[in-house]
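This report refers to the structure that appears directly beneath it.
Every read-out reported here was derived from the displayed coordinates using simple, explicitly stated rules and does not represent laboratory data. Here the structure is a predicted model, which is why all the values come from computation and not from measurement. Glycine also receives a Cβ, built like all others from the backbone with ideal geometry; neighbour counts cover every protein chain displayed.
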Ligand code: FBP
């Protein structure tokens, strides 16, 4: 962007706070390693796939002499992979500053447009002039992002040629679970091929599903939920002022409902559906509609013909009958990609698919509004995932709720007025100015990645822990990528993947929500958290998410 706002001018000057340990000279930071590690599942199969890189120990950086530190100048490459998340630029700034701290002659190359930039050798050198324009800004526009997966033998070979040709000592892959799975495969391939390029991953995704014992949260989640909570809080206030609409708000987040749960904890809407619970309770679509109608009727009886409902983007994938449908569609679409690509209209594509689907699923698909069934067969992403951001579940719910309420009116069991408005808060949450939390966290992740590289590690995720404390007390280290993996079905095949973290129904964040939700349904206890604050009192500028607070304390 050529023109910049007053806020951006101020944010460019913000100095992210590093954990104390990373402020020390690199030669005085020692990597402390633990025991050999296993995996999240399917250990034997993973040992076979990752013959050279499986089982590495967890690393924690502590004070002490770093005997293996590489002091020579290095060339590092960086790539942004997948969906945007606030803080991506700061990861790159952290990498740049750490490289220069270790050796002024080190250089940073940015691959353009995501992993395809590595395959095609498209890159630009990131110099101080460029870096300084992007400090603490949102977006991924410094080098762009993309969803290409490095998958075929030819793509691996081309990647190898790029790193050799450009003498790249290390590659930092900033991505979600799928991109970091790719990082692990690339690290293994380089070791096997005797290519001396190390690979380090960075946990990115607004979805919050790249977390486990080792990774407390992915970057971008904090900023995205604060933006969605601001917007939702505003709607709650509007609802309370006008008292005439039901707002159905779909929130981004792909499969897991972490974003919806967090926004619910921050804003207290009347209903927040949690996909994982729907699945656990084996709720059908009509069960969900009944659940919503029950709240609408109760509120109408209390004279309240208004309310706010949060719908997670991935809800549809958790409704058992739809899960089955999507699983079948994924397999059919993967196996018949060529044939389907030749068919133009959605109607004809559906007819083709009906010849391959079991009858119960054909009936389910036919029972859906035309738009929704067409959205279900849109092209999958390169990792084989259904593109849930394009499925307008909130509209489907409104239509079905309307129908049900009409019936209830006829039967005399509902006497209220129902007028609904749909929203989708998605892309608007991904590129905001990173919150102070995300600005600090991402800068530390990038800085720490360089320390892992200079200490000789490959196939690791850069990890910063103890995130509910002030940044000075954060703990820096690395987690072996294979430790987080298991085998899952993708594009009709069994593949190694980093296990996604879904909402834990026994976890503290969900329990906290369960305790208050019956009250929220009837009473109006809305909270309006307001916009992200970048300057001001610590309790608002350094606020961490409710999810992190509950999970860590
Ligand atoms: P990542 O998992 O790559 O971080 O992407 C997250 C996300 O924003 C999801 O919440 C959303 O479903 C998806 O990307 C949208 O994808 P696209 O940007 O390709 O439309």
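So for 423, 89, 247, 258, fewest C-beta neighbours within 10 Å to most, what's the order?
423, 247, 89, 258
If you count the DSSP beta bridges with both ends in segment 100-231, what percent of them are antiparallel, to the nearest 5?
Roughly 30 percent of the DSSP beta bridges within segment 100-231 come out antiparallel.
Counting only DSSP beta bridges with both residues in the chain, tell me the antiparallel percent, nearest 5.
Roughly 40 percent of the beta bridges in the chain run antiparallel, per DSSP.
Cα axis of helix 153-165 to longest principal axis of the chain: angle in degrees, 0 to 90, nearest 10?
Roughly 40 degrees, rounded to the nearest 10.
Taking Cα pairs under 8 Å and at least six residues apart, what relative contact order does segment 292-416 come out at, in percent?
After rounding, I find 35 percent.
Hey, how many Å between the Cα centroid of segment 420-438 and the Cα centroid of segment 229-296?
Each part reduced to its Cα centre gives a spacing of 16 Å.
Can you give me the C-alpha center-to-center distance between segment 150-205 and segment 72-93, rounded to a whole angstrom?
14 Å
Remind me, relative contact order of the chain in percent, using alpha carbon pairs under 8 angstrom and six or more residues apart?
Worked out over the chain, it gives 24 percent.
Please tell me the relative contact order of segment 98-190 in percent, rounded to the nearest whole number, where contacts are Cα pairs under 8 Å and at least six residues apart.
26 percent.
Rank the residues 134, 354, 443, 526 as a footprinting-exposure proxy: fewest other Cβ atoms within 10 Å of their Cβ go first.
With the fewest neighbours first, 134, 354, 443, 526 line up as 354, 526, 134, 443.
Mind checking the angle between helix 320-335 and the chain's longest principal axis? C-alpha axes, 0 to 90 degrees, to the nearest 10.
So the inclination is approximately 50 degrees.
Ranked by Cβ crowding within 10 angstrom, fewest neighbours first, how are 493, 324 ordered?
Fewest-to-most ranking of 493, 324: 493, 324.
May I ask for the distance between the Cα centers of segment 1-67 and segment 311-333, given as a whole number of Å?
35 Å
Give the shape of segment 248-377 as rounded, prolate or oblate, defined through the alpha-carbon gyration tensor: a ≥ b ≥ c are the square roots of its eigenvalues, a/c under 1.5 means rounded, and otherwise the shape is prolate if a/b is larger than b/c and oblate if not.
prolate
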